[in-house]
Amino acid sequence: MRKEITIVIKEKEEQILRSIISIFKKNFSGFDIYKYKKGKLGDEFVITFKVEKRYYGSLIEKLAYNDIKIFRKDAEAKQIVEEVKRKKRKAAPVANSGWASIRTKQKTITEEDLEELAVEGKYKEILAVIKNSIQHPLEIVKKAKALLSDSIAIALNRAYSNATENKEDVKKEYDTLLNIATDKQLKLNRLTKELKEAGYQLIELCIFYPEFFRNLIDIANNSNLHPTINIKAAVELGDKFLSDEEKYETEIQLAVKNLNTRWLNNAFEIAIKDLSNQEIDTFKKLVKFIEEKRNK
């Protein structure tokens, strides 16, 4: 059995991680890391990988002793990290006013809290910090702004990866992607790139699972999505319908009945700058194809 470890590091700290992994490989002949993934998180990087369960606790302890920030901790990891912190506190001298001043400090969100939210893909909580900026120190608001886009990307990638790796979670993650792609707060904050990316991944999921292909009709009709996503979904329908009408007979019947071509023609005027010449051609052919079917 393998267990996942998620850490956040600065670029210069990656060498420390590599050294720790190298030490483990030398000391344990069966040790290795699996599914190593690295992504941007503000001015830092989030790294996720898996190790065999028998090495998990020892590696967590080694990372904690080297001040590597560990996130998405389970009960075992939390206990190990807390024990390491306790030992390090015990070894470190404390100024006379130290503990008293710490106890009287007002509880507020920290940069580490923000990083944990970002790693979890909880962009709404980060957005809330930005929205209520007057309640937070300037450096916290700056950090939240720096992490927002990356936290959305993490949420999207996690939902898509989980859906493609675990078929039983497809519907749940489809809804997750749809909720992000139609998020009104993201629209208000003009996060157009992120809204589009959520829509693209939603379309990709419908292509990945043939049984979800007909959902492209709903995506094409959804006025809460960015118009580019509506048209891209329609183009995917057109690619399939026009290449094999017999194979997609059922889906074509649904599209003839439900596809909102009037809405799509309006959306097309906004989305055209994001389309290739081939996509423009396919879209126009699809609309003509559907309308001809309706007029028979």
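Brief remarks follow.
- Inverse mean reciprocal Cα-Cα distance (Kirkwood Rh) of the range 2-104, Å: 15.0
- The calculated FRET efficiency for the pair K10 and S161, based on their C-beta separation and a Förster distance of 25 Å, comes to about 0.50.
- E269-A128 pseudo-label distance in nm [points 7 Å out on the Cα-to-Cβ vector]: 4.0
- Restricting the calculation to Cα atoms, the range 215-296 shows an Rg/Rh of 0.93 when the hydrodynamic-style radius is the Kirkwood one.
- Taken about its Cα centre, the chain carries a charge dipole of roughly 1240 debye when the Cβ of each Lys and Arg holds +1 and the Cβ of each Asp and Glu holds -1.
- Note on the range 236-296: with charges restricted to the Cβ of Lys and Arg (+1) and Asp and Glu (-1), its dipole about the Cα centre is near 320 debye.
- The chain, relative contact order [Cα under 8 Å, separation at least 6], %: 11
- Label separation (K187 vs S243): 3.2 nm, computed from points 7 Å beyond Cα along the C-beta direction.
- Stretchable slack from R294 to S22, in nm (0.36 nm times residue separation minus alpha-carbon distance): 91.4 nm
- The residue list G238, W263, L275 was ranked by how far each Cα lies along the charge dipole of the range 236-275 toward its positive end, using unit charges on Cβ atoms, and W263 comes out on top.
- DSSP-loop trypsin sites (Lys or Arg not before Pro) across the range 140-193, with at most 11 other Cβ within 10 angstrom: R190
- Estimated distance in nm for a label pair at A75 and T110, the labels positioned 7 Å out from Cα along Cα-to-Cβ: 2.4
- Tail fraction, Cα-Cα pairs, the range 110-212, threshold 17 Å, whole percent: 52
- Taking GluC sites (Glu not before Pro) across the range 1-56, none is in a DSSP loop with at most 16 further Cβ atoms lying within 10 angstrom of its Cβ.
- Each Cα pair under 8 Å and six or more residues apart adds its sequence gap; the mean of these over the residue count of the range 215-296 is a relative contact order of 39 percent.
- For the chain, dividing the convex hull volume of the Cα atoms by the residue count gives 175 Å³ per residue.
- Burial ordering of I272, I33, fewest other beta-carbon atoms within 10 Å first: I272, I33
Bear in mind that the values in this text are calculations on the coordinates, not laboratory data. All figures in this text were calculated on a predicted structure; none of them were measured in a lab. All Cβ positions, glycine included, derive from the backbone under ideal geometry; neighbour counts span all protein chains shown.
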